[in-house]
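The values are calculated or read from the model by the stated rules, or taken from the named source; none is laboratory data. On a predicted model such as this, the values are computed, not experimentally measured, just so you know. As a convention, Cβ positions derive from the backbone with ideal geometry for all residues, glycine included, and neighbour counts pool all protein chains shown.
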Amino acid sequence: MRSGGASVQFFGKTCSKPFSKNLLFPWALISIAVSAAICCVSRPVAADGDAALRETSQRLAERVAGIPGLHGTLRLEWHPDATWSEGESERWIEKIRDEFERRALDLTGEAGAPVLDVFAAETPTQVVLTAKTRVSDRDEVRIIAIARALLPPAASPAAPIRLERQMIYESPNRILDAASVENADMGGLVLLLYRNYELVALRVDARGVVKQSVSLNPVNWKPSRDPRGEIRMRGTVVSVELPGKSCEFSWESPADLKCRAEKSLWRAETLLTSPCDRSDWKLFSSGSEPNAKDVLQVVPDGTLRESSAAVLSEFPGPILSSNGEQDPSSALVVARNLRTGNYEIYEITLACGN
Amino acid sequence: MRFTKLRWLAAISAAVVALAAFAAQAATPHYGGTLHVKLRASSVSLDPREWAPGSLSAAAGEKLASLVYDRLVTLDDHAKFQSALATEWSHDAAGRNWQFKLRSGVRFSDGSLLTPADAVVSMQISLGKGFEVTSVENGVAIRAAHPVPDLLEQLASGRNFVFRPKPDGTLLGTGPFFVAESVAAAPAEANPTAIKPAKIKFQANEGAWSGRPFVDFVEVTLGEPPLRQLLDLQVGKADIAEIAPDLVRKGRQEGLRIWNSSPQTLVALRFDEALAAPASDQLREALWLALDRDTMANVLLQREAQPADSLLPQWLSGYAFLFESPMNLQRARELRAAFPAGVPGAAQPLRLRVDAPGDLFKLMGERVAVNARQANLAVQVMLPGSANNSPALAAGLHLFAWRYDSLSPRAELEAFVKQLLGGADLPANMTDPEQLFAQERRLLEERRILPLVLLPEYAGVRANVHNWNASPWGDWRLADVWLDSEDPMTTKAPTGPQKNSSTARNPGARP
């Protein structure tokens, strides 16, 4: 039996099974943590996705190589989907070319050689690859398809940034907030997720492997279309700030979730301290719409937005939160990648000079 | 003097505060308000059991039904299936046996709990013959007569909603809204010759499992004339309105924010079965060669449509670009000259009945007649409501509109063939795109269906509508839309899960 939301479909479902209330018992939490540690690693899609891409290219090459009467050198003409980036297009054509050559299809760049057109098109759920060529007096067409969810997320074009920026984690689940783990023994991140209409806290090690997962469903908490929350960690105690509610638990005894109704104490604006002259810089994001790319602006504290001194960094989607509480010169920024739909965590660091 | 300065200062301060508040509201989701929507359909059924496959009215019904009912799964814009009423699913290797675990604690809008039996009843109705739906512990099992690897695509689209029929025949849903009021079209009191359009008012479902929608109400007005809808958008009487393709350019010129979907509607010609005989092969081929699709799309529809060469659109099949319909008047005339006696289009005209409603389709019918005449083919257009359009008169040709409603190309082609050509189920291996392409090519080569143009869906969206994130295949997702508050000076604290405002622009500030 294949599990649909699991290996067949996409990574997120494997780790997004809903936790019913009875799973708050410690034994269940332990089993969840173990299974999460096994199945949830950061960016696992890419590993499987590369294999899927290669396997798809192999299938196309096999079908083309099997066309009766197809021989001699061919000029490969590549027609990628119009929405693909150059990087995505190149990734595909490299694999396709490799697989064609592996099957002794002789490819050339000569203008006079017979043409083998290869088209790629995205549908709502698939990438459809079509090879078309003319053999004798007939057109030969071979078509194969692959579920898009099985493919690696598209690479984002590198943004011209003057900040040091590194993506350190991504997930198909909605990440509300992230914080670094200060404890040297543990390292890594703690995340607050809105997964399958539930709040979940995750502890992720420095390699991106999920070490522990805790379902948070405070009394009177309701699913929301605009879920918000912040997560902090002090030692092994995790505090979660929700609208009108504060909760605390420890990773050692996660079943002891304690929540109290109180006015939320949200994080103050994020300030970074320059390692060069100790000056403070303030973070702004420009977008207000959730469907637009966002630009992170870092401006000297005390100046207005869009000041000429601003350092800009474009993100592949809206910026959802930033947290600079734990390190004076760096912050964690959560953004949604509009191309892949994944939520991504970036570590941004203010660096001197260029 | 001093007093006046103080008053000025106070006024400026108030204005700054108001502007700041307004800016914050623009950036932060706001709960409340009524979303005014105008649709072109004059009547709509919210009962998926009544929707005819491919019909334009079913499309309007589906759009509104998604406010009231949920599906087992949904598809996001990144090709990922997301859990909705089903939280998990699995299937066997062949894709014949599927199991779906239902989300626990989901309630219908009357407060009653959703049970597996509800899902069984509605899924059995929507999936129809060839599927056996049974309840299992905490969920439903679906067993198909043949492999259905595209079952998720089917369940995430079309009429596959979960509902519970009430004794009075109406349906209950678990969606983000429920129907609060429905008023049928009626003569206006002041002027009985004028018709007041039908209205449906949807109210937010506070207990929706997926979270309360942002707006309190969605008020839908049906069947107002297209120009009136455009005007209503401009003057603020509508927040979202469908726009007829021939008015899109005007809307753009007037600065409206206009959204369009992928091509959702195929406009095509269908030969009557009586004309499918071999003797009329030449007639069908000649008309196919005479059609000027580029002019229809680029002139008649002002580049707001695409010439259609296939039954399925490129965005759904991925291979539609392989089909071509080259216009060749010379060849069409040669075929016409060789017509055997008695074939319509020669001595007696071929009657073309325009089945789709609206001025646009009338114009297209007339354009088909013009193209036919250029190839010496006689075509008589029978427009809806005209004297020559008696049902007693047989038509050899029909101009129809087909609205795509499935995310599965195989299911869509199957519905198309069944509905329009009286065909049977497609073979099970049709999920292989090469097989599907071969089947579509065979259908097109029969020339019983001649595609004309593909129309996207257009909607005008006012600037006060935020988080407009409609899917490319036409799901408006209105539950996620929020509105600016009408007056920032008098914004009341909303009830329900109002979010803290003011700093969504600032990622470091409170969320």
Would you tally the residues in the range B:65-87 being farther than 12 Å from B:Leu152 by Cα, outside any loop (DSSP other than H, G, I, E, B) and facing chain A (nearest Cβ under 9 Å)? 1
Report the residue count in the range B:304-342 for those that are in contact (Cβ under 8 Å) with a residue 40 or more places away in the chain, in a loop (DSSP other than H, G, I, E, B) and surrounded by fewer than 22 Cβ atoms within 10 Å (Cβ to Cβ). 7
Have a look at B:Phe100, B:Phe108 and point out the one that is away from chain A (no Cβ under 14 Å), touching a Phe, Trp or Tyr at 6+ places or on another chain (Cβ under 9 Å) and touching a residue at least 40 places away in the same chain (Cβ under 8 Å). B:Phe108
Can you spot a residue in the range B:263-271 that is within 14 Å of chain A (Cβ to nearest Cβ) and surrounded by 19 or more Cβ atoms within 10 Å (Cβ to Cβ)? yes
Yes/no for A:Val237 being of a type in the set (A, V, I, L, M, F, W, C) and farther than 30 Å from B:Ala479 by Cα: yes
Among helices (runs of 4 or more DSSP H) completely within the range B:146-260, the ones holding 3 or more residues that are surrounded by 21 or more Cβ atoms within 10 Å (Cβ to Cβ) and touching a residue at least 12 places away in the same chain (Cβ under 8 Å) are B:151-155, B:226-235
Within the range A:230-252, the count of residues that are at negative phi, touching a residue at least 24 places away in the same chain (Cβ under 8 Å) and not aromatic (Phe, Trp, Tyr) comes to 11
Those residues of the range B:440-480 which are within 30 Å of B:Arg293 (Cα to Cα), in a loop (DSSP other than H, G, I, E, B) and not aromatic (Phe, Trp, Tyr) amount to B:Arg447, B:Arg448, B:Ala470, B:Ser471, B:Pro472, B:Gly474, B:Asp475
Could you please tell me which pairs satisfy a Cβ distance under 7 Å, a separation of 6+ or placement on different chains, a first residue in the range A:293-321 that is at pLDDT 85 or above, and a second residue that is of a type in the set (Lys, Arg) and surrounded by 15 or more Cβ atoms within 10 Å (Cβ to Cβ)? A:Phe315/A:Lys293; A:Pro316/A:Lys293; A:Pro316/A:Arg339; A:Gly317/A:Lys293; A:Gly317/A:Arg336; A:Pro318/A:Arg336; A:Leu320/A:Arg336
For the range A:227-263, how many residues meet the condition of being surrounded by 18 or more Cβ atoms within 10 Å (Cβ to Cβ), within 13 Å of chain B (Cβ to nearest Cβ) and not in a strand (DSSP E or B)? 4
So A:Leu338 passes all but one of these: (1) among the aliphatic types (A, V, I, L, M); (2) modelled with pLDDT of 85 or more; (3) outside any loop (DSSP other than H, G, I, E, B). Which condition number does it fail? (3)
Considering only the range B:404-425, how many residues are surrounded by fewer than 22 Cβ atoms within 10 Å (Cβ to Cβ) and not in a loop (DSSP other than H, G, I, E, B)? 7
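For (1) more than 14 Å from chain A (Cβ to nearest Cβ); (2) β-branched (Val, Ile, Thr); (3) in contact with a strand residue (DSSP E or B) (Cβ under 9 Å, 6 or more places away or on another chain), each residue gets a yes or a no:
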site: B:Pro451; (1), (2), (3): yes, no, yes
site: B:Tyr458; (1), (2), (3): yes, no, yes
site: B:Pro472; (1), (2), (3): no, no, yes
site: B:Asp475; (1), (2), (3): no, no, yes
site: B:Asp480; (1), (2), (3): no, no, no
site: B:Ser485; (1), (2), (3): yes, no, no
Of everything in the range B:194-241, what is among the basic types (Lys, Arg) and within 14 Å of another protein chain (Cβ to nearest Cβ)? Give them in sequence order. B:Arg212
Go through the residues of the range B:104-127 one by one and say whether even a single one is at pLDDT 95 or above, of a type in the set (Gly, Ala, Ser) and more than 23 Å from B:Ser182 (Cβ to Cβ). yes
Among (1) acidic (Asp, Glu); (2) under 17 Å from B:His398 (Cβ atoms); (3) at pLDDT 95 or above, which single condition is B:Asp292 missing? (2)
